[in-house]
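**Q** Before we start, here is the structure in question, set down as structure tokens.
The values are calculated or read from the model by the stated rules, or taken from the named source; none is laboratory data. Since this is a predicted model, take the numbers as computed values, not measurements. Note that we place each Cβ from the backbone using ideal geometry, even for glycine, and neighbour counts take in every protein chain shown. Ligands, DNA and RNA are stripped out before the accessible areas are found, and what is left, the full protein with its side chains, is counted by its heavy atoms. Shrake-Rupley method; radii C 1.70, N 1.55, O 1.52, S 1.80 Å.
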Amino acid sequence: MKKLFYNIIGVACLAGSLSSCADFLEIKPQNEIVLEDFWSEKADVDNMVSGCYAALESDAAVRRMMMWGEFRSDNVMAGIDTQKDMNLYNVFRENITPKNWYTNWSIFYQVINRCNTVIKYAPEVAQRDPAYSNSEVQATIAEVSALRDLCYFYLIRTFRDVPYTTEAYTDDDQEMQLEATPFYTVLNNLITDLESVKGNAIKRYPDTQKVYQTGRITQDAINAMLCEMYLWNKDYANCIRCADEVIQSKKDQAEEERIKNGTSIPASEQRLDGYPLVNNYNSNTSFGSAFNEIFVKGNSRETIFELVFDNNEAGNTMPSNAAAGEWYGNFVNPGRVAAGSAITEDAEADETKRTIFQGVNKKLDARIYFNLFGGSSMIAKMVYRTVVVDAASSSPTVGYGNPYNYAKIDNVEHWYNSSNWIIYRLSDIMLLKAEALCQLMRDGSDAATVAYNNGIARQAFTLANVVNKRAYCVVDIKSTKDTLDFNNYQTKSALENLVMRERQVELMFEGKRWYDLVRRSMRDGRTDALCEAVSRRNGPNPTLASNFFGNPNTWQWAIFWPYNYEELIVNKKLKANPAYGDGNTSNIE
């Protein structure tokens, strides 16, 4: 059997990756496996599906999700000892070449191929194993199809046009050189595929498998993916439809939980207009519950899909989130990545001068402390294990629990970080819907247009305002007073900027910001917002934004990443990104 198949099976036989006590993930390695013997029973399929998740939560994959979605944006800049990783340092300098290690996309294509392999062989297993029902086969195919489509979605948002195939490669003799498929062709294929399998996916896992509800693909996760894909595809009606399905599902789950426990909606949540976001209120004047539930404990009711890491802080049972531990910070060392200068300066600025952290009282926005350690350039999210804000006065005091552990054993570095990597959560979907609503606003000043726009704007504003209200440390928990003023967001541009700002603050350091800027650039047909954001960050030359991203001849390629040099050598059908060249020359061609 070819070595390619052994590589696939090797990942399938990795140890459990989501829950140490979950049978699905307690996979034992096998010494010798051949193709004819492997695909014989449902357990073999489960092993392969587990391998798909294990590869997606590998350090190589998570670092790229962080890097590709965040590190070229204004949210971050070089931190402590960044130059020890020159590939990372060069990303902050916008000195990215095809030879930069982080342009390597192989881990995502490994996940894609394993998913394709499951799709190919799972139906054959059902014919051999009577215990593997047709509905289970279809659910498996839906699950791995979504994982494959998620990987492709990361690739096209990062590289634009990419090689695309749904064929399983199990033999080294198969032809593997593929041309890059255009961005929108891949995107439309992903949407079609997800819509076709969505109804077969698991809707809800039992309470005994709660980690699966957020740690594995469900119908909610597929709808979340579709919501964002439709937004990139400028299909705003379908974006809103899928967002509403996610929102309603989360509302139903919250209501079922209240009925089960015999409880009612607490006053601290009633102010959120019925959206079941995680409550941020602890008690009296204390806040921070949202941080602890979402980013420390994980598997929150707000989460839709996340990559699950070791919830044993010693890091003994499952992989830890080493990427967050090294890059964002740990118990011993500050991170190699720091908050962007524009972010930290804005957190300290006067109310009239601030552009990011805005509201009734800037110091009462808990996200300043959730994102930034004490408002400094050190990152708090996914670093500290507790954040408590005491809002007894207009100048809150903040307490942080210990950062995640770090140790160097036998000269090997270990980052014991158990923070999950969240791919989708409810506030993200709410703000994607708000962004779509903004795009439905019409030009014109006649009465009918004004009335229509006001209704659309009010819906978008409410979504952004609810996310903002949840973050504010309001001592009067029965107060339903808005933290933002609708009168300030009457125009499409003002409302769109509000939504973009809320996404930046709410999802900071979660791998979203660069993709948001790229999506807006593609929609607008220009890079104004992206250039303004990048030029404010301390790192690249301020003129870089206008000279590189703002160049009308190159910006459509410059906002994406170059193809890896080795990939260009191996795949002769792949043509270099013209904004970067092929790695042999720095000239733009």
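**Q** Sort out which residues of the range 531-556 are modelled with pLDDT of 85 or more and either in contact with a strand residue (DSSP E or B) (Cβ under 8 Å, 6 or more places away or on another chain) or open to solvent by less than 60 Å² (accessible area, probe 1.4 Å) (or both), and write them in order of number.
**A** Listed by number, the residues that qualify are Cys531, Ala533, Val534, Phe549, Trp555.
**Q** Might you let me know whether the range 245-260 holds any residue that is touching a helix residue (DSSP H, G or I) at 6+ places or on another chain (Cβ under 6 Å) and in a loop (DSSP other than H, G, I, E, B)?
**A** Scanning the range 245-260 turns up no residue that is touching a helix residue (DSSP H, G or I) at 6+ places or on another chain (Cβ under 6 Å) and in a loop (DSSP other than H, G, I, E, B).
**Q** In the range 63-102, how many are more than 19 Å from the chain's Cα centre (by Cα) and of a type in the set (D, E, K, R)?
**A** 6
**Q** Looking only at residues that are of a type in the set (Ser, Thr, Tyr) and open to solvent by 30 Å² or more (accessible area, probe 1.4 Å) in the range 360-379, which one is modelled with the lowest pLDDT? Spell out the reasoning first.
**A** So the first thing to find is which residues in the range 360-379 are of a type in the set (Ser, Thr, Tyr), and the list is 369, 376-377.
Next, only the ones that are open to solvent by 30 Å² or more (accessible area, probe 1.4 Å) stay: 376-377.
Working: Ser376: 81, Ser377: 90.
Out of the qualifying residues, it is Ser376.
**Q** Which of the residues that make up the range 202-218 are in a helix (DSSP H, G or I) and either surrounded by fewer than 20 Cβ atoms within 10 Å (Cβ to Cβ) or hydrophobic (A, V, I, L, M, F, W, C) (or both)?
**A** Asp207, Thr208, Gln209, Lys210, Val211
**Q** Residues that are under 28 Å from Asn584 (Cβ atoms) and open to solvent by 30 Å² or more (accessible area, probe 1.4 Å): which helices (runs of 4 or more DSSP H) entirely in the range 27-145 hold 2 or more of them?
**A** 86-92, 106-128
**Q** Do you know which residues across the range 168-204 are at pLDDT below 95 and either more than 30 Å from Ala579 (Cα to Cα) or of a type in the set (Val, Ile, Thr) (or both)?
**A** Ala168, Tyr169, Thr170, Asp171, Asp172, Asp173, Gln174, Arg204
**Q** Could I ask something else about it? Please go through the range 373-405 and give me each residue that is touching a helix residue (DSSP H, G or I) at 6+ places or on another chain (Cβ under 6 Å) and not in a loop (DSSP other than H, G, I, E, B), ordered by number.
**A** Gly375, Val387, Val389, Val398
**Q** Condition (residue is closer than 25 Å to Asn134 by Cα, open to solvent by 20 Å² or more (accessible area, probe 1.4 Å), assigned to a helix (DSSP H, G or I) and not charged (D, E, K, R)) applied to the range 184-194: is it met by at least one residue?
**A** yes
**Q** When you scan the range 378-434, how many residues do you find that are touching a Lys or Arg at 6+ places or on another chain (Cβ under 8 Å) and among the aromatic types (Phe, Trp, Tyr)?
**A** Looking only at that region, the number is 1.
**Q** Just to verify a result, which residue in the range 507-526, among those that are among the basic types (Lys, Arg) and assigned to a loop (DSSP other than H, G, I, E, B), is nearest to Gln556 (Cα to Cα)?
**A** This residue is Arg526.
**Q** Tally time: how many residues in the range 235-263 are under 19 Å from Pro206 (Cα atoms), touching a residue at least 12 places away in the same chain (Cβ under 8 Å) and open to solvent by 40 Å² or more (accessible area, probe 1.4 Å)?
**A** Looking only at that region, the number is 2.
**Q** Further question: From Arg458, Arg513, Arg519, which residue is under 29 Å from Trp421 (Cα atoms), surrounded by fewer than 22 Cβ atoms within 10 Å (Cβ to Cβ) and modelled with pLDDT of 90 or more? Don't jump to the end; show me each part of the working.
**A** On the way: Arg458 fails: under 29 Å from Trp421 (Cα atoms); Arg513 fails: surrounded by fewer than 22 Cβ atoms within 10 Å (Cβ to Cβ).
Answer to the check: Arg519.
**Q** Here is a further query. Could we say that Ala457 is assigned to a loop (DSSP other than H, G, I, E, B) and aliphatic (A, V, I, L, M) here?
**A** Taking the combined requirement at face value, the residue does not satisfy it.
**Q** Something else about it: If you check Gly274, Gly199, which single one turns out to be out of contact with any strand residue (DSSP E or B) (no Cβ under 7 Å at 6 or more places or on another chain) and outside any loop (DSSP other than H, G, I, E, B)?
**A** Only one candidate qualifies: Gly199.
**Q** While we're on this one: Which count do you get for residues in the range 436-454 that are at pLDDT below 95 and open to solvent by 30 Å² or more (accessible area, probe 1.4 Å)?
**A** Going through the range 436-454 one residue at a time, the tally reaches 11.
**Q** Name every residue in the range 73-84 that is in contact (Cβ under 8 Å) with a residue 24 or more places away in the chain and touching a helix residue (DSSP H, G or I) at 6+ places or on another chain (Cβ under 9 Å), in order of residue number.
**A** Those that are in contact (Cβ under 8 Å) with a residue 24 or more places away in the chain and touching a helix residue (DSSP H, G or I) at 6+ places or on another chain (Cβ under 9 Å): Ser73, Asp74, Asn75, Val76, Met77, Ala78, Gly79, Thr82.
**Q** For residues in the range 392-417 being surrounded by 15 or more Cβ atoms within 10 Å (Cβ to Cβ) and at pLDDT below 90, which is farthest from Asp476 (Cα to Cα)? Spell out the reasoning first.
**A** First pass over the range 392-417, keeping only residues surrounded by 15 or more Cβ atoms within 10 Å (Cβ to Cβ): 396, 398, 400, 403-406, 414-417.
Keeping just the survivors that are at pLDDT below 90 gives 396, 405-406, 414-416.
Details: Pro396: 15, Asn405: 37, Tyr406: 40, His414: 44, Trp415: 40, Tyr416: 38 Å.
So, considering only residues that are surrounded by 15 or more Cβ atoms within 10 Å (Cβ to Cβ) and at pLDDT below 90, the one farthest from Asp476 (Cα to Cα) is His414.
**Q** Being of a type in the set (D, E, K, R) and closer than 21 Å to Tyr89 by Cα narrows it down to one of Lys469, Lys512, so name that one. Steps first, please.
**A** Working: Lys469 fails: closer than 21 Å to Tyr89 by Cα.
Exactly one residue qualifies, and that residue is Lys512.
**Q** What number of residues within the range 233-283 are of a type outside the set (A, V, I, L, M) and under 30 Å from Val389 (Cα atoms)?
**A** 24
**Q** Does any residue of the range 347-359 turn out to be surrounded by 20 or more Cβ atoms within 10 Å (Cβ to Cβ), assigned to a strand (DSSP E or B), under 24 Å from the mean Cα position of the chain (by Cα) and modelled with pLDDT under 90?
**A** No - not one qualifying residue is present in the range 347-359.
**Q** Anything in the range 562-589 that is farther than 20 Å from Gln177 by Cα and either acidic (Asp, Glu) or modelled with pLDDT of 95 or more (or both)? List them, or say none.
**A** Of everything in the range 562-589, just one residue is farther than 20 Å from Gln177 by Cα and either acidic (Asp, Glu) or modelled with pLDDT of 95 or more (or both), namely Glu589.
**Q** Considering only the range 473-499, how many residues are open to solvent by less than 10 Å² (accessible area, probe 1.4 Å) and outside any loop (DSSP other than H, G, I, E, B)?
**A** Adding up the residues that qualify gives 3.
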